[in-house]
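Engineer: Questions regarding the structure given below will be posed in turn.
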Amino acid sequence: ALRVVGYNQVEGGYIDNATLGLRNTNRTRIDGARANLRVEPGDNWTIDLNAVIQNIDTRDGQYADIDQPLRTHAANIAQPHDNDFKATGLEIAKDWGDLKLLSSTGIVDHDLSDTFDATGYGGNPEIQIFQGHEAIRLLTHETRLSHGMPSGNSWVAGVSLVRNIDRIDRRLGPLGAPVTLAQLRNQKTEVAIFGEATQRIAPRLSGTLGGRVVFAETIGELMGGSGEDFEPKRRQIRVLPTAALSWKPTSDLLTFLRYQSGFRSGGIAITGGQINSAQRFDSDSIHNVELGVRFGSEADSARPRFSGGITAFYSIWTSIQADLIGSDGLPFTENIGRGTVYGAEINGRWHVTDHLFFDGALFINRSALTNPVEG
């Protein structure tokens, strides 16, 4: 089976440029296509091949100045933005009844380019230009086996690979001849083995234990610059456990308690307020607990007619990686401290008849930086 879609979209501009005397300068064009191919060679094997490409081209900045008329900014040059995205994925699946194999591989190629009017930066009254370019190359792979039994006992085990190369190039200077502010290259490789098993403890009570062991390597390079004395290469081993309890007092009611953890690798980032300089930011981690209840069934002929769930969560996030804006107006990445996130999610469905139903949902969230780092 094959499905192919192509599309083109043009969004008219609505921002005027007072300095250049131009109207509706921020016209945007979006072109893209996607394709999905499925092959079923037999014996319960399935092969899916997917591809997508999308280009977004905006002619000028998508902002207005507060001291200008409505929907107007004042800039000495056009400030275009370009966003090009390509991805492809291959998924292979095999079904032996209770035992299932799934292997998926994805490749992403993403390029982003921005241009801004930097006239006046550093006290220079001449027309200046700021250009930023970021290129991302991402490879992901996961192969897993899962087994489920009618008793409710189940397990899953597998391996995964993530390899990402992120290049950032920033330039600033006279129109037509900007000079390099900084060039960064961050390469991250993570290999993980994971497993999780659910076992019935009592007739209506099940327990789950699992974990993920991650081997991570980060290589950060600043080309042609200086910075603090950081290691260009770092290696880490992280153990990320998970545990859960689920209780099903009736066929239409399930309660659960779950703990899970995760982390992100560190890297190097351009130093805020400095030229040709970089600093390392460390990895961050999160620990999350969920408590919830689910009731009813979403089947069209469900009885009773009401179904839904309520889940409350609490997370502790340490060494948070955040993107900040320096005093010079340029972005940089820094670890900002420890925070908490908590909230609840409520959803429900009312089956008026077998063919008519209403859905509703509510999400409540509160986040706070509880222990900020100095500065």
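The values are calculated or read from the model by the stated rules, or taken from the named source; none is laboratory data. In this text the structure is predicted, and so the values were computed from the model without any measurement. Quick reminder, even Gly has a Cβ in these numbers, built from the backbone with ideal geometry, and neighbours come from all protein chains shown. Accessible surface is based on the protein model in full, side chains and every heavy atom, while ligands, DNA and RNA are left aside. Shrake-Rupley method; radii C 1.70, N 1.55, O 1.52, S 1.80 Å.
Engineer: Return the FRET efficiency for the residue pair N371, T19: r is the Cβ-Cβ distance, R0 is 45 Å, and the value is rounded to the nearest 0.05.
Structural biologist: About 0.50, to the nearest 0.05.
Engineer: Would you grab the residues whose amide H sits under 5 Å from the one on D284? Only those 5+ places off in sequence or on another chain, please, with H modelled 1.01 Å from N.
Structural biologist: Answer set, sorted by chain and number: R264.
Engineer: If you don't mind, there's one more thing I want to ask. Report in % the part of the accessible area of the chain that belongs to carbon and sulfur, leaving out ligands and nucleic acids; probe 1.4 Å.
Structural biologist: Details: 12410 of 21640 Å².
Reported share for carbon and sulfur atoms: 57 percent.
Engineer: I would also like to ask the following. If each of I364 and Q9 carries a label point 7 Å out from its Cα toward its Cβ, how far apart are those two points in nm?
Structural biologist: 3.4
Engineer: For segment 1-94, compute Rg over Rh where Rg is the Cα radius of gyration and Rh is the Kirkwood radius from the inverse mean 1/r over Cα pairs. List each step's numbers first, then the result.
Structural biologist: Working: Rg = 21.0 Å, Rh = 16.2 Å.
Radius of gyration over Kirkwood radius for segment 1-94 works out to 1.30.
Engineer: Ignoring everything but the protein chains, give the 1.4 Å probe accessible area of I136 in square angstrom, nearest 10.
Structural biologist: The accessible area of I136 comes to roughly 40 Å².
Engineer: Find how much the distance from L209 to S146 grows on full extension, using 0.36 nm per residue of separation minus their present alpha carbon separation; answer in nm with one decimal. Display every interim value, and only then the final one.
Structural biologist: Numbers: separation 63, 0.36 × 63 = 22.68 nm, distance 1.46 nm.
In short, 21.2 nm is gained.
Engineer: Could you give the length gained on full extension between D98 and T180, defined as 0.36 nm per residue of separation minus the Cα-Cα distance, in nm? Provide the component values of the computation, followed by the final result.
Structural biologist: Details: separation 82, 0.36 × 82 = 29.52 nm, distance 5.77 nm.
Between D98 and T180, full extension yields 23.7 nm more.
Engineer: Expressed as a rounded percentage, what relative contact order does the chain have, with Cα pairs under 8 Å and six or more residues apart?
Structural biologist: Working: 1041 pairs, mean separation 28.1, N = 375.
Relative CO of the chain lands at 7 percent.
Engineer: Here's another thing I want to ask about it. Report the FRET efficiency, 1/(1 + (r/R0)^6), for R34 and A202, where r is their Cβ-Cβ distance and R0 is 45 Å, rounded to 0.05. Write down the numbers at each step before the final one.
Structural biologist: Working: r = 48 Å, r/R0 = 1.06.
The computed FRET efficiency comes out at 0.40.
Engineer: Can you compute 3J(HN,Hα) from phi for each residue in segment 72-84, using the Karplus curve 6.51 cos²θ - 1.76 cosθ + 1.60 with θ = phi - 60°, rounded to whole Hz and x for Gly and Pro?
Structural biologist: So the J values, rounded to whole Hz, are 9, 10, 10, 9, 7, 9, 6, 10, x, 10, 10, 9, 10.
Engineer: Put a dot 7 Å past each Cα toward the Cβ at I136 and F313; how far apart are the dots in nm?
Structural biologist: 2.0
Engineer: Under unit Cβ charges (Lys, Arg +1; Asp, Glu -1), what dipole magnitude, rounded to 20 debye, does the chain have relative to its Cα centre? All intermediate terms of the calculation are to be shown ahead of the outcome.
Structural biologist: Details: 36 positive and 44 negative charges, 253 e Å.
Dipole size: approximately 1220 debye.
Engineer: Could you work out the local net charge near V156, counting Lys and Arg as +1, Asp and Glu as -1, over the other residues with Cβ closer than 12 Å to its Cβ?
Structural biologist: Working: positive: K100, R144, R212; negative: E142, E196.
Net charge in that neighbourhood comes out at +1.
Engineer: Using θ = phi - 60° and the Karplus form 6.51 cos²θ - 1.76 cosθ + 1.60, what ³J(HN,Hα) does each residue of segment 357-370 get, whole Hz, x for Gly and Pro?
Structural biologist: Result, ordered by residue: 8, 10, 10, x, 8, 9, 10, 10, 8, 9, 10, 8, 8, 7 Hz.
Engineer: If you roll a 1.4 Å probe over the heavy atoms of the protein chains, what accessible area per residue do you get for segment 80-157, in Å²?
Structural biologist: Details: 4090 Å² over 78 residues.
On a per-residue basis, segment 80-157 sits at 52 Å².
Engineer: Ok, one more. Gap in Å between the Cα centre of segment 139-188 and the Cα centre of segment 303-369?
Structural biologist: The two parts, judged by their Cα centres, are 23 Å apart.
Engineer: Would you kindly derive the ³J(HN,Hα) couplings of segment 248-260 from the backbone phi angles with the Karplus curve 6.51 cos²θ - 1.76 cosθ + 1.60 (θ = phi - 60°), listing them in order in whole Hz, with x for Gly and Pro?
Structural biologist: 10, x, 9, 5, 10, 9, 9, 10, 8, 9, 9, 10, 8
Engineer: What are the semi-axes of the equivalent ellipsoid of the chain, taken as the square roots of 5 times the eigenvalues of the Cα gyration tensor, listed largest first and rounded to whole Å?
Structural biologist: Values: eigenvalues 400, 152, 118 Å².
Whole-Å semi-axes of the equivalent ellipsoid: 45, 28, 24.
Engineer: If I stretch the segment between D111 and E217 completely, what's the gain in nm (0.36 nm per residue apart, minus their alpha carbon distance), one decimal? Let's see the in-between values first.
Structural biologist: On the way: separation 106, 0.36 × 106 = 38.16 nm, distance 2.34 nm.
The span from D111 to E217 would gain 35.8 nm if fully extended.
Engineer: Which of rounded, prolate or oblate describes segment 294-375 when judged by the alpha-carbon gyration tensor and an a/c cut-off of 1.5? Display every interim value, and only then the final one.
Structural biologist: On the way: a/c = 5.47, a/b = 3.04, b/c = 1.80.
Here segment 294-375 falls in the prolate category.
Engineer: Could you give the longest part of the chain that holds none of the chymotrypsin sites (Phe, Trp or Tyr not before Pro) found in DSSP loops with at most 12 neighbouring Cβ atoms within 10 Å?
Structural biologist: Longest stretch, sites excluded: 97-375.
Engineer: What base-10 log of the normalised intensity I(q)/I(0) is obtained for segment 71-213 from the Debye formula, alpha carbons as equal point scatterers, at q = 0.16 Å⁻¹?
Structural biologist: So the normalised log intensities work out to -0.93.
Engineer: What residues qualify as long-range amide H neighbours of F357, i.e. H under 5 Å apart, gap of 5 or more or another chain, H built at 1.01 Å from N?
Structural biologist: Here the answer is V352, since their amide H atoms fall under 5 Å of that of F357.
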